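Right, one structure below, let's go through it.
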Amino acid sequence: MNGGEGINDMEVNENKEKKCEVLMWGYLPGVSPLQSSLTSPVSVRFPESEVDGDSWKDVCGGGCGFGLAISASGKLITWGSADDQGQSYLTSGKHEETPEPYPLPTNDPILKAAAGWAHCVTVTGKGEVYTWGWKECVPSGKITCSWTSMKTFEKNRSAKQSSTLTEQGSPRSQGSKSSVGSLSCSDDKSVEDESIKRRKVSTRQEYEISMPADETLSAPPCLVMLDPLVKITSVAAGGRHTLALSDVGQVWGWGYGGDGQLGLGTRIKTVASPHLIPCIDPSSCRKDKPDMVHQESVSAGALSHNSVGNYIKGIACGARHSLVITDAGVLVAFGWGLYGQCGQGNREDMLRPSCVSSLSGTQIEAVAAGLWHTICICTDGRVYALGGNQFGQLGLGTNSDQCEFIPRLLDASVLENKNAKVVSCGARHSVILTDDGKIYSWGWNKYGQLGLGDTIDRNIPSQVPVDNFVPKNIACGWWHTLSLCETVS
């Protein structure tokens, strides 16, 4: 559910002489025999089954109770789940303590990845998208493997590896013989508006109750069918919906849309195929129209900082709302608005993309979203927060049921003279990375997801101790946090 990778990525130093590590903290139940939480950063062991010379390249957060990362060779690595985690356990590849490559049905390197509660989505070097997990999150497309074939392939790979490796391991493999078919998904009619009380209760139940894993409820990895000319560069995953950003700045969406999170102007429950989302609409940003009176000329590639923009440069998903950033730095939101997380000054759901007009004149560089809140970073490194603040996830020094319906500037003393560059959100916690390589976290901390050595909630940013490491990127899962770091020699 963490923000879209196209927004939150920090440039990773590719200097071969520097070794990269992945640190994890929070709720990853499969890592510990007793399923205890990790309250402080701990190194993630790189898969022993991989060839020498491979290493960590990036972190992608993960879903409920499992982590996602990418290796330098382009493998998607998963770990951390446990067999009582229901659909999340199945979606993670049933990889527990030992990180292993997820058996995707492609040999193309994975460049980006994201996860919702129990679905995953990846982007290959060819700009293709593969997704799997909860069926309502997976669009009709080309099924390139099945759960049965994945089990067989992993079993064969494990047997082959065990006969050649001296150390015990559980190597996994890529999918084998392909089968082609289509998923049957249907569009449901619009639903009536729920009451505020019912919406609150349903959300807590939806994202906090685990069920036994059931393969009939999940779809195996599927190639998302897009026009051959569409090349995807990044993806973002919400609770049950997905956004994909193309190389020409267009946004595609699919999955659950009952709260408007797919920006199609309706409450259609299931969008079974990728739809183009009309993210840039000047009529939705009337207050942000540029004043051209005093400008003699404007080049084709130059835009006033008050204009809406020409294309989308970044995407992010909350549980049931979505955010995009235009090339002009304008923040656009749509979807569930009960807690003010769309920044429109009210609790209304936004069925169509709408500019956050209160940030007019402020250029947004990065954004991320959680279950009920949104955090964004300006080009000058300042941090704004909006939405629900029940656990202090806005970082404003308070935590209460009072929501922030328009963005509030974080003025915490610990961030004085600091410039935030990367932001990521879990369900109810927030994390930023500053340009001097410091990590700060705040919000809900029941599982140690703040990385501060305890389980005490924080309502102001606190620095995460990562001695002997230089953080290069951060990414949150629902109840955990990952960081890609360089080791200090």
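Side notes on the structure shown:
Conditions (1) of a type outside the set (S, T, N, Q); (2) farther than 25 Å from Gly63 by Cβ, marked per residue:
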position	(1), (2)
Gly340	yes, yes
Asn346	no, yes
Cys376	yes, no
Gly395	yes, no
Arg408	yes, yes
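- Counting the residues of the stretch 221-261 that are out of contact with any Leu (no Cβ under 8 Å at 6 or more places or on another chain), part of a loop (DSSP other than H, G, I, E, B) and either acidic (Asp, Glu) or more than 19 Å from Trp132 (Cβ to Cβ) (or both) gives 11.
- The stretch 284-301, subset closer than 19 Å to Leu323 by Cα and either among the hydrophobic types (A, V, I, L, M, F, W, C) or open to solvent by 60 Å² or more (accessible area, probe 1.4 Å) (or both), residue modelled with the lowest pLDDT: Lys287
- Any chance Val235 is more than 20 Å from Leu68 (Cβ to Cβ), in contact (Cβ under 8 Å) with a residue 40 or more places away in the chain and open to solvent by less than 10 Å² (accessible area, probe 1.4 Å): no
- The residues of the stretch 38-73 that are of a type in the set (D, E, K, R) and either under 23 Å from Gly451 (Cα atoms) or out of contact with any strand residue (DSSP E or B) (no Cβ under 7 Å at 6 or more places or on another chain) (or both), listed by number, are Arg45, Glu48, Asp52, Lys57, Asp58.
- Close Cβ contacts (under 9 Å, 6 or more residues apart or on different chains) running from residues in the stretch 349-371 that are basic (Lys, Arg) to residues that are open to solvent by 30 Å² or more (accessible area, probe 1.4 Å) comprise Arg352/Leu264; Arg352/Pro278; Arg352/Asp281; Arg352/Ser284.
- Screening Cys485 with (1) open to solvent by less than 50 Å² (accessible area, probe 1.4 Å); (2) in contact with a Ser or Thr (Cβ under 8 Å, 6 or more places away or on another chain) gives one miss only, at (2).
- Cβ-Cβ under 7 Å pairs, at least 6 apart or on other chains, the stretch 101-121 side farther than 16 Å from Lys135 by Cα, far side in a strand (DSSP E or B) and open to solvent by 10 Å² or more (accessible area, probe 1.4 Å): Leu104/Tyr130; Thr106/Tyr130
- Hey, Ile280 open to solvent by 50 Å² or more (accessible area, probe 1.4 Å), hydrophobic (A, V, I, L, M, F, W, C) and modelled with pLDDT under 95 or not: yes
The values are calculated or read from the model by the stated rules, or taken from the named source; none is laboratory data. It should be emphasised that the depicted structure is a prediction, and the values quoted were computed from it without experimental measurement. Note: ideal-geometry Cβ built from the backbone for every residue, glycine included; neighbour counts use all protein chains shown. Accessible surface is based on the protein model in full, side chains and every heavy atom, while ligands, DNA and RNA are left aside. Shrake-Rupley method; radii C 1.70, N 1.55, O 1.52, S 1.80 Å.
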